[in-house]
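Okay, here's the structure, questions in a sec.
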Amino acid sequence: MLNQLKSEFLKLKYSKLFIAVPILLLAGLILYGSFSLSSGGTQLFVSEGDEETNAAIQGMIGFFAFTFENIDMPKFSEIMQSCISCNVFLWIVALILTIQFFCYDYSAGTIKLPIAYGIDRVKVYFAKVIVIVLYNAVCYFLFNAITLCFTCIQIGYTPNITELIQYLSYIGLNFLVMISFIFLCITISICLKNTGIIATVMCLFTLGGAVIYTGIWQNFHSHAILKYFVWLNPLYYWMNMGTFRLEYGLIKEIIVYFIFGLFFLLPLSVILVRKQEFK
């Protein structure tokens, strides 16, 4: 297994993705920096609710950047909210990395090589999954750390240890959702094997879930079918984390979503891998 992990890591290291992903993250940092420096007030995107209500009061759902009641006396919750909201777009990076890395072997035909040498296809699969999750984790937490540092320096705020631990716990919860999203992307990749189709399906699914949720969130539990579609969508969890709606059972829902990915999507994809025929 260790040799297969090394093999998959080397594939990633010498692929275009290894350079393309940091370039995307750098572009995101530049965009975040320019956005924060030019911000003249509350910035809302993919949001719904009473705009007169401060996001910290939890009268809204969605993503908020630079919602400072007093820029001269900023609160860490406001800084944290800005970073978490802007960093939600990392799902696009995770999507690109996952489907490209998984689908390349199918399109190039190299998926057959380790199997031809007698390596268990499930080992190949798990090696890919581990490499993808670890690389996404490095990118995700590094990006979050940089945006937090940039925002604190820009505003002149020095967080204490307790606040840093709180921030780490919040982005950790978001990353649990990201892992399940990655597992979903992998499962769809195994089924479709076409990067264009997979990207289209996953973008429509993810963004469509956000649109539906903004339309029904106030009467969310009264929608028997739509609520289950929304529960499967990562943006449901990220939009609620964007306004810290933790007292509504969000942490429990995130854990359940992670367990769903770990104990349903992952085994399902293993079954699909075992039944695949390589031509």
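No lab work stands behind these numbers, since they all come straight from the coordinates. Small disclaimer: the values here were computed from a predicted structure and weren't measured. Glycine gets a Cβ as well: all are built from the backbone with ideal geometry, and neighbour counts include every protein chain shown.
7 Å from Cα along Cα→Cβ at both residue 117 and residue 203: what's the point-to-point distance in nm?
3.6
Next question, about the same structure. Under a crude label model (7 Å from the Cα following the beta-carbon direction), how far is residue 158 from residue 89 in nanometres?
Going by the 7 Å Cα→Cβ label model, 3.2 nm.
To continue, here is another question. Under 11 Å from a point placed 7 Å out from the Cα of residue 191 along the Cα-to-Cβ direction: which residues of region 237-269 have their backbone N that close?
Output list for this probe position: 269.
Across the Cα atoms of the chain, what radius of gyration and what greatest pairwise Cα-Cα distance (Dmax) are found, in Å?
Rg, Dmax (Cα atoms, Å): 19.9, 64.
Using the count of nearby Cβ atoms within 10 Å as a rough guide to exposure, how do 8, 253 rank from fewest to most?
253, 8
GNM, the chain, Cα, under 10 Å: largest mean-square fluctuation among 123, 13, 227?
Looking only at 123, 13, 227, the biggest GNM fluctuation is shown by 13.
Let me ask something else about it. Got a sec? How would 151, 98 order by Cβ neighbour count within 10 Å, fewest to most? Walk me through the intermediate numbers first.
On the way: 151 22, 98 27.
Ascending Cβ contact count within 10 Å gives the list 151, 98.
Shifting gears a bit: State the dimensionless ratio Rg/Rh of region 187-265 (Rg: radius of gyration of Cα atoms; Rh: Kirkwood radius). Please list the in-between numbers first.
Values: Rg = 13.7 Å, Rh = 13.7 Å.
Reported Rg/Rh (Cα atoms, Kirkwood Rh): 1.00.
Could I ask something else about it? Starting from the Cα-Cα distance between residue 168 and residue 6, subtract it from 0.36 nm times their residue separation and give me the gain in nm to one decimal. Provide the component values of the computation, followed by the final result.
On the way: separation 162, 0.36 × 162 = 58.32 nm, distance 2.90 nm.
Full extension from residue 168 to residue 6 adds 55.4 nm.
Oh, and also: Assigning unit charges at the beta carbon (Lys, Arg +1; Asp, Glu -1) and nothing else, what dipole magnitude in debye, to the nearest 20, does region 84-241 show about its Cα centre?
Values: 6 positive and 3 negative charges, 80 e Å.
Taking the Cα centre of region 84-241 as origin, the dipole is about 380 debye.
Extending each Cα 7 Å along its Cβ direction at residue 73 and residue 142, get the distance between those two points in nm, one decimal.
Label-label distance for residue 73 and residue 142, simple model: 3.9 nm.
Ranked by Cβ crowding within 10 angstrom, fewest neighbours first, how are 69, 78 ordered?
Values: 69 11, 78 22.
The order, fewest Cβ neighbours first, is 69, 78.
Right, something else. Below 8 Å, C-alpha to C-alpha, sequence gap of six or more: please give me the relative contact order for region 120-279 in percent.
The normalised contact order for region 120-279 reaches 34 percent.
Summing -39500 (n - 2.57) over the DSSP H runs of n ≥ 4 in the chain and dividing by its residue number, what mean residue ellipticity at 222 nm do you reach, to the nearest 500 deg cm²/dmol?
Values: 12 runs with 193 residues, N = 279.
Calculated at 222 nm, the ellipticity per residue is -23000 deg cm²/dmol.
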